[in-house]
Every structure is written in structure tokens, then in C-alpha cells.
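*Asks:* Sending over a structure as C-alpha cells; questions will come in a sec.
The values are calculated or read from the model by the stated rules, or taken from the named source; none is laboratory data. Just so it is clear, the model here is predicted, and its values are computed rather than measured. Here the Cβ is made from the backbone with ideal geometry for all residues, glycine too, and neighbour counts use every protein chain on show.
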Amino acid sequence: MSFARALLRVKPAEQLADDGSHTRLRRTLGLVPLVALSVGATLGTGIFVVLAKAAPAAGPAVVVSFVLAGVAALCSALSYAELAGSVPVSGSAYSYAYATLGELVAWICGWCLLLEYGVSVAAVAVGWGGYLNEFLQGTVGVTIPDAFAAPPGDGGVFNFPAALIVLLAVGVLLLGVRESARATTITTLIKIAVLVFFFAVAITAFRPENMTPFAPAGFTGISMGASAVFFSFIGFDAASTAGEEARNPSRDLPRAIILSLAIVTAIYVLVAFAAVGAVGAGVLGGSDASLATALRIVTGQGWSSVVLAFGAVVAISSVVLTVLYGQTRILVSMSRDGLMPGMLSKVNRRAVPAHNTVVVGTVVATLAAVVPLNQLAEATSIGTLVAFGLVNIGVLVLRRTRPELPRSFRTPLMPVVPLLGLALCGYLIFGLDAITWLTFAIWTAVGLVVYFGYGRRRSKLNHPLTASSK
């Protein structure tokens, strides 16, 4: 096989599915835990802080900004849903790219997902310490000293809370997928309950005059607001990383992806509507903790912000757990294909990839504890958008190359929806800062060195008999 053809070789959907059917991971997840997995990965810190960024640009029309961002996410979600039903294996966008666009593109996609998942978990864990301090201050009147609550570059020595929440998530994951799913479902229900509490309290103080002028900056402001809040929707694809632990993946994965996005969008719109109506867009824009500020104004009491801080602590814990889970399952797929070391796909008696989980958890906990992640965390966005874009391309390619492949879900309005999703991803990518592009370029260069130095030679597609006999 020529060098160029080797880079573009695809792994047929049937072979991916066959590999997945022989996995030692246990199929224990039904629709509810799959929805909880995606909602848990999506409904995190974003809604607790994003209004402060979006409200000044959009005004009260920030509610419309959330709707537009949800529609933009929906285009990619529909493409994810079709591929999840057609290629129901772990690996998410990496596996879909392998089945449609070839090995090199799949590697780049998987490498982007590792950046997205790993850095986002570390950054979210850093934020967990801040909310934990707020909760402790409001309940027992103590705070963790800065030396042990911030990394060296931010005036601390070691961010103990950030490392702690990652290691706790590792401990839960090592218990097994059923236990992890139960913890995810419980924490997801708690944070939904806290946001419903916010809506119920804030809506009692709704004042129509706070909604005028509705769109002071017109559609430009609404569009800017949509760009700001789009990244609050990242995570809906988490269910697609559980393709080999779902009881009925072809049926339940597409449903979980669409349902989770609908739930998250509804919560965002309702919370934004209640917050703006209660205190006005200007007040929200002047606070880094917009929801806590809104509750404090509405109730005149500090207890309400403590409740919200508790919700944020639970929300971030859930995000750390679900995203860490997703990263380990992507590594299982890459390892099984030979592109990563084999130990990363080995599972223990609990059907958990223990070596993989410990390695990932250790790396992420270290990043969270000692590295300031303010700028590095922005790389999460570009890694996510590249993966989304490749999924939109992949669904178009698979429709053309494998029209006979069974599909439990079909993206509507083909090819408009995936092309629109691709265009929106491109629009948002080119709006990112130069430092984000530089970080992404360096990460991609490192990934290509790893692929050409290790993965390409060890790919199981070089040894088809070995791969098919697994």
C-alpha cells in the first residue's frame, strides 16, 4: 500500500462494530443514564457564568441568543445522531472519522478530542475550587488558603481542590460503569433541581420593564451573544463515547443526543429569561457570578447564593466525572486500533479500563493543580469545533459511500443540515483568538509526530488478520 493510501485508509463501519461487539466493556446503560451522561457533561459551569459575558452584547435578547446557539449545536447534534446509530461504538467523532475520512483524519480528530476533554476537565476542576470556597464561606465561615487553592502562576503553590475533584472522579470511575452512571444521574438531577429552584425564585420578581429595549444592539448583538453562549452547549456528544456500554446503542444513542440537547436548551432559555426579567441585563453583565447576584438581589438573603454555590459544586463535579469518562473511552478505541499503547484498552474484572483511567486522571489532576489554565482552556473550543466539523463532513461522506448501511436515525434535510453545521463551526473557529490558534497548531504538530512515529506503523489496519481475530 502506498504511503498516501495508507494515510487515507478507512476502517469499515462493520469492522468497527465487530470490534465493539467483542469488547469486554459491559453493556449496562439504558436511555436514562445515557441522557444523564450527556446532560451532565453539558450542563456545567457555563450557565453559572455565561450570562455575564453574553448579556451586555445582546441585552434581554440574550434569551434569543441561547435559542440560536442551540440551533447551531442542533445541526451538529443531528449529524452525531446519525453516525452514532450507524457506527455504535466507543470513540465518538474519532471512530466516525475513521469510518468515513481515513486514518490520518481520524487520528487528528481523536487528538483534538483529547485536547478538548483533557484541558476542559482540568479547567473545570480549577473552577470547582472557587465555588467550593464560596460554599464553605457561606455555610461554615471558612475558606481554603490561596496557597492551596490556586496554581503557582495565580499566586498559589498547589491547587488542592482541583486535584482532589479529579482524583475523586477517578475513584468513582474505577468502581465500574454502572456505579459511575448512577452517580452521574444523581448529580445531574441535583443540578437541574438547583436551576429549577433559581427559576422559581427569580420569576417571582419578574418585571416587564427589564425586558426593554429587547435587542438594543439588534441582530448583531444577538449574534455576538450566541457566539458567547455556544460553548455552554459543548458536551452533548458525551453519550456517543458510551457506544460499547449502551444496551441498545443503535436505538438509544441518537435519542440520548437529541434529548439531552433539548433539555439543556430549555433550561438555559428559562434560566436566562428569569434572570433578565428579575434584575435586568445590565446587572447580570456587571457580575462574574451572575446567577448568584440575581438571587441575592431578589431575596435579599445570602442563603440563596449558598444554595446556588452548592448547585455549582455539584454541577462541576458531574462535568469532571462525565468528561473524564468520555476521554477514557476515546482512548480505548484509539488503543484498540493500535494508534495508542495497548494497555490503554485493557479492562479489569469490573470491566473498567483501569490503567487508562489512572493515567488520564493523574495527568489531568496534575494539570489542574499546577498549571494556570485561563488561556490554555480556550483551546477546548477549537478542538471541539474541529471535531464537530469533521462529524458533519463524515455524515455526508457516509451517505454517499455507504448508502446501504443500516441507519437507526437519519439526519433530516440532507445535505442542508450538515453543511449548515459545518459552516457554523467554521465561522466560530475563525473568530477565535490568535493564541488559541497557536496552541492548536502546537498540539496538532505534536500529534502528527506521535502518529508518524508510533501510530501509523502499529495500526491494526497493517495487520488485518490480527484485527479481525480480536
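*Asks:* When only residues in the stretch 387-416 that are small (Gly, Ala, Ser) and within 23 Å of the chain's Cα centre (by Cα) count, which is surrounded by the fewest Cβ atoms within 10 Å (Cβ to Cβ)?
*Replies:* Checked the stretch 387-416; the qualifying residue surrounded by the fewest Cβ atoms within 10 Å (Cβ to Cβ) is Gly389.
*Asks:* Identify, from the list Ala205, Ala242, Ala238, the residue that is over 15 Å from Val63 (Cβ atoms), touching a strand residue (DSSP E or B) at 6+ places or on another chain (Cβ under 8 Å) and touching a residue at least 60 places away in the same chain (Cβ under 8 Å).
*Replies:* The conditions single out Ala242.
*Asks:* Related question: Is at least one residue of the stretch 33-45 surrounded by fewer than 24 Cβ atoms within 10 Å (Cβ to Cβ), in a helix (DSSP H, G or I) and not aliphatic (A, V, I, L, M)?
*Replies:* Checked the stretch 33-45: at least one residue is surrounded by fewer than 24 Cβ atoms within 10 Å (Cβ to Cβ), in a helix (DSSP H, G or I) and not aliphatic (A, V, I, L, M).
*Asks:* Quick one: which of Thr212, Thr241 is more than 19 Å from Lys53 (Cβ to Cβ), surrounded by fewer than 24 Cβ atoms within 10 Å (Cβ to Cβ) and of a type in the set (Ser, Thr, Tyr)?
*Replies:* Testing whether each residue is more than 19 Å from Lys53 (Cβ to Cβ), surrounded by fewer than 24 Cβ atoms within 10 Å (Cβ to Cβ) and of a type in the set (Ser, Thr, Tyr) leaves just Thr212.
*Asks:* What pairs come up if the first residue lies in the stretch 29-41 and is over 14 Å from Thr322 (Cα atoms), the second is outside any helix (DSSP H, G or I), and their beta carbons are under 9 Å apart, counting only those six or more places apart or on different chains?
*Replies:* Gly30/Ala246; Gly30/Arg247; Gly30/Asn248; Leu31/Ala246; Leu31/Arg247; Leu31/Asn248
*Asks:* Determine, yes or no, whether Ala202 is modelled with pLDDT of 90 or more, assigned to a helix (DSSP H, G or I) and among the small types (Gly, Ala, Ser).
*Replies:* Taking the combined requirement at face value, the residue satisfies it.
*Asks:* While we're looking at this one, here's another question. From Ala379, Ala365, grab the single residue that is under 27 Å from Ala81 (Cβ atoms) and either part of a helix (DSSP H, G or I) or modelled with pLDDT under 90 (or both).
*Replies:* Just one listed residue meets the conditions, Ala379.
*Asks:* Say whether the condition of being without any contact (Cβ under 8 Å) to a residue 40 or more places away in the chain and crowded, with 18+ Cβ neighbours inside 10 Å is met by at least one residue in the stretch 417-437.
*Replies:* yes
*Asks:* Would you point out which residue out of Arg9, Arg5, Arg26 is free of Cβ contacts under 8 Å to residues at least 12 places away in the same chain and of a type outside the set (Ser, Thr, Tyr)?
*Replies:* The unique qualifying residue is Arg5.
*Asks:* Based on this model, can you work out whether Met343 counts as within 30 Å of Gly453 (Cα to Cα), touching a helix residue (DSSP H, G or I) at 6+ places or on another chain (Cβ under 6 Å) and surrounded by fewer than 20 Cβ atoms within 10 Å (Cβ to Cβ)?
*Replies:* Considered against the rule, which asks whether it is within 30 Å of Gly453 (Cα to Cα), touching a helix residue (DSSP H, G or I) at 6+ places or on another chain (Cβ under 6 Å) and surrounded by fewer than 20 Cβ atoms within 10 Å (Cβ to Cβ), Met343 comes out as yes.
*Asks:* Just need a number here: residues in the stretch 382-429 that are part of a helix (DSSP H, G or I) and acidic (Asp, Glu).
*Replies:* Of the residues in that region, 0 qualify.
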